[in-house]
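One structure is given below, encoded as structure tokens.
The values are calculated or read from the model by the stated rules, or taken from the named source; none is laboratory data. Being a predicted model, the structure only gives us computed values, none of them experimental. Cβ placement follows ideal geometry from the backbone for every residue including glycine, while neighbour counts extend to all protein chains displayed.
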Amino acid sequence: MRHGKKFNHLSRTAPHRSAMLSNMAASLILHKRITTTLAKAKALRKYVEPLITKSKTDDTHNRRMVFSELQNKFAVTELFKEISVKIMDRPGGYTRILKKGQRLGDNASMAMIELVDYNETYVSESKKKGAKTSRRKRGSGASKKESGAAANDAANEVEDTDDTE
């Protein structure tokens with residue numbers, strides 16, 4: 001029985017699995033987003049999030065620990081110089097998995113895994129530099145009545161054009 005054994009072996013031997021996860025983690029750190037199968041993305045999340053947490057403390061010991069996992073000095077440099085600065089105030093959850101559907105060849109579930117702070121679609125406007133909230137001032141009651149009358153005139157014009165067709 002496999003009670004309490006949650007680790008996904010991904011149908012690979014231990015050295016193959018560790019090498020694959022190391023390469024995928026380095027690619028994720030360098031490119032900020034990769035597309036893979038859903039099972040690999042979930043396994044990669046468990047692998048890479050502790051490494052990102054270690055990058056918050058920039059000292060020699062943590063750099064060596066991360067390098068022993070990644071085996072890629074460019075990825076380690078990117079992780080400690082740029083990514084750790086962006087995620088410093090985040091308590092966890094550094095990655096996001098988005099499902100993409102099925103792969104055409106073998107119908108495997110595909111997913112995109114990305115670093116949360118690097119997706120421009122989901123970054124709020126307040127975090128972007130120079131973003132200001134727009135505020136409008138309310139006018140007097142007379143201007144509201146005038147603008148309401150103008151809107152009614154425009155609506156009547158639209159109705160008139162619909163009747164002629």
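Name, by its number, the condition in (1) charged (D, E, K, R); (2) within 19 Å of the chain's Cα centre (by Cα); (3) under 27 Å from residue 110 (Cβ atoms) that does not hold for residue 5.
(2)
Quick one: which of 124, 143, 147 is modelled with pLDDT under 90, assigned to a loop (DSSP other than H, G, I, E, B) and not aliphatic (A, V, I, L, M)?
Numbers: 143 fails: assigned to a loop (DSSP other than H, G, I, E, B); 147 fails: assigned to a loop (DSSP other than H, G, I, E, B).
Selected residue: 124, the only one of 124, 143, 147 that is modelled with pLDDT under 90, assigned to a loop (DSSP other than H, G, I, E, B) and not aliphatic (A, V, I, L, M).
Could you run through region 59-94 and say how many residues are touching an Asp or Glu at 6+ places or on another chain (Cβ under 6 Å) and part of a helix (DSSP H, G or I)?
2
Within region 38-50, does at least one residue satisfy the condition of being β-branched (Val, Ile, Thr) and either assigned to a loop (DSSP other than H, G, I, E, B) or in contact with a Gly (Cβ under 7 Å, 6 or more places away or on another chain) (or both)? Walk me through it before giving the result.
Residues of region 38-50 β-branched (Val, Ile, Thr): 48.
Right, trim to either assigned to a loop (DSSP other than H, G, I, E, B) or in contact with a Gly (Cβ under 7 Å, 6 or more places away or on another chain) (or both) and you get none.
No, because not a single residue in region 38-50 is β-branched (Val, Ile, Thr) and either assigned to a loop (DSSP other than H, G, I, E, B) or in contact with a Gly (Cβ under 7 Å, 6 or more places away or on another chain) (or both).
Would you check which residues across region 34-60 are in contact with a Leu (Cβ under 7 Å, 6 or more places away or on another chain), among the basic types (Lys, Arg) and surrounded by fewer than 18 Cβ atoms within 10 Å (Cβ to Cβ) and list them?
Passing the criteria: none in range.
Identify, from the list 133, 77, the residue that is more than 19 Å from the chain's Cα centre (by Cα), over 25 Å from residue 14 (Cα atoms) and modelled with pLDDT of 95 or more. Reasoning before the result, please.
On the way: 133 fails: modelled with pLDDT of 95 or more.
The unique qualifying residue is 77.
Here's a check for you: in region 1-32, which residue that is part of a loop (DSSP other than H, G, I, E, B) and among the charged types (D, E, K, R) is farthest from residue 83 (Cα to Cα)?
2
Could you please give the count of residues in region 1-24 that are loosely packed, with under 10 Cβ neighbours inside 10 Å and either within 17 Å of residue 38 (Cα to Cα) or aromatic (Phe, Trp, Tyr) (or both)?
Number of matching residues: 3.
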